[in-house]
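First comes the structure, then the notes that go with it.
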Amino acid sequence: MVVALVILVVLAGAFLILVSVASKILKGQLERALGENFRVARIGLSWGGVEAEDLQLLKDGKVIASVRRLGLKPDFLTIFRKTVGVSALIVEEPVAQVEIDENGKFLIPSFPEKEATEPTGGSTAPKGSSFSISVKRIDVIDGTFTFRDRRLKELNEIKASHVNARFDNFRFPLADAVSKVRLEASLAGSLLSGSVTIDGNVDLMRLGFNLAFEADKLVVVDLPGTGPQARIEKMSLQASSQGTDAKLIEISDVILQKPYVRIQTDKEGKLVNPLLKALQAETGGAKPEPAGGKTPEPPAHATTQVAVKGLKVNQGEVLILDGKVSVPPHPLRLTDVSLTLDQVATPSQDTWTAYECTLNVPGKDSTGLLRTSGKTKLKSLDTASKASLHGLDITTVKPYILKAGDVDVTQGTLNLDLDLHIDKRNLNSPAKVVLRNLQFAPSRGSGDKFMSIPRSAVISFLKANNNEIALNFVVEGSIDDPKFSLRETMLTRFAVQFADTLGLGVLNSGEKLINVQGKGLQGLGEALKDTSKSLRKLFNK
């Protein structure tokens, strides 16, 4: 009995010594194999697996990636098989950084490449290896990953912390197999912040996926002085694809709760990209354009279709800074935006997209309510919809109504009802506009006008018609005409119709309204009869 106990103690001691020696040998071999830029504090062996602590990858003497603890639990029964099995790989507190340098090149932590050596004896190395590995489960615990763009000086970093991920059924080389994945992370930085969760299945070989995505308190491009360019209180969606060969990504059940977006246009009406503007300012140059000044379109066979089925927006807000109508850009806020879309795709398809939208336009004295619903084909722009805007404070949209030299409007409301019809790129839309309780700034003289109509005539008409101007007209035109503008066309038709109602002779000449001299405001006279006929003929009254 005593002898057996002594033998057991000796064997246990020998095992511990062998494990200790083997751990040191493995540690040394690993560091030599991976080079002087790799360090590991300790490697431990046990019947259950292998553990390594404080792994570090260095570059120029600085740590660029690290792992506090790495645990590997191999399936020893498969160690001599063609495919080595690993039951679990646990990565605790990994830290890594990905950068884009000043030239736009990605810098990813990796081991330095070693020079290839020619085989001796004239033999050649095998082109491929039959070795493969299968990992049942990979766990990443409390990771931290940083993305940095060196092209920007300040707005240049996204930090993902508290990264917890699980990946089941990983194989190398990649196999056509479905793997379950789950990822949670908190994001911080001026480019992007918030929290995200991804859960579902992926096929790494086909690049197929079926994932559920959720995000909370997302903030996008938070610039000093202007604040976030976009933010979302909560977002959820489903995304799926059969793989790159299918060339189709389906996104469904998209819900955006309390989204906000800031849109700014320049004096030509083009969207201003705040991030691109910052990039150009900090790099001291403009973004290079391709030859010919146009971005080449990808070949048709390479285009991946993205189809969205079911989009819902709740309690949204849009801030529009329109640099085309005024300097500085005119602000227009849209609040309580509610939007539903049944389907939409990019590139655009010649299929109907049904939509319904309501929103508020806050003003000084009243809040306008916009309701619109209908359907449109985003490729051809064929449209059949109805829109109503009631109770709009006219002072909030003065730059869109008044022209240079017009008398200022200090108060009033606008109602608009529009049947919007576009067929084969041609617009034909009956409209009704009602202006109520208009108040103007003090007169500057007899030449004062409102929408090209004499101020005195407008005031007289308002007094005689219960302080209201109600007009019906039709907006027509080709949207392919470079001179066509829906806003300008509606204003011109309104002014022409109003002038005709007042008994003023006017004719439409381009973008200007030309007064025709007659016998005063009370009658047309013989000279105005021809003008009236011309107006009716021009607008098919």
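Each value in this text was obtained by applying a stated rule to the coordinates, not by laboratory testing. Note that the coordinates shown come from a computational prediction; the quantities given were computed from them, not determined experimentally. Methodologically, a virtual Cβ is constructed for each residue, glycine included, from the backbone with ideal geometry; neighbour enumeration extends over all protein chains shown.
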query = Once phi is turned into θ = phi - 60°, what whole-Hz ³J(HN,Hα) does the Karplus curve with 6.51, -1.76 and 1.60 give for every residue of the stretch 482-490, x standing for Gly and Pro?
reply = x, 8, 6, 9, 4, 5, 5, 5, 5
task = Provide the per-residue ³J(HN,Hα) series for the stretch 215-223, in order, calculated from phi with Karplus coefficients 6.51, -1.76, 1.60 and θ = phi - 60°, each as a whole number of Hz, with x at glycine and proline positions.
result = 9, 10, 6, 6, 10, 10, 6, 8, 8
note = Over 31 Å (Cα to Cα) among K375/K463; K159/K267; K247/K386; K270/K379; K62/K136; K62/K247 -> K375/K463; K159/K267; K247/K386; K62/K136; K62/K247
key: Rounded to whole Hz, the Karplus (6.51, -1.76, 1.60) HN-Hα couplings of the stretch 342-352, x for glycine and proline   = 7, 6, 7, 9, 9, x, 4, 10, 8, 10, 6
remark   = Which residues qualify? For D408, with a placed amide H closer than 5 Å and at least 5 residues away or on another chain, they are A441
message = Using amide H atoms built in the peptide plane, which far-off residues or other-chain residues are under 5 Å from K247 H to H?
response = none
ask   = Which far-off residues, 5 or more places away or on another chain, put their amide H under 5 Å from the one on V98, with H placed in the peptide plane?
value = T146, F147, R148
note = Net charge (Lys, Arg +1; Asp, Glu -1) of residues whose beta-carbon lies under 11 Å from that of T244, T244 excluded, is 0
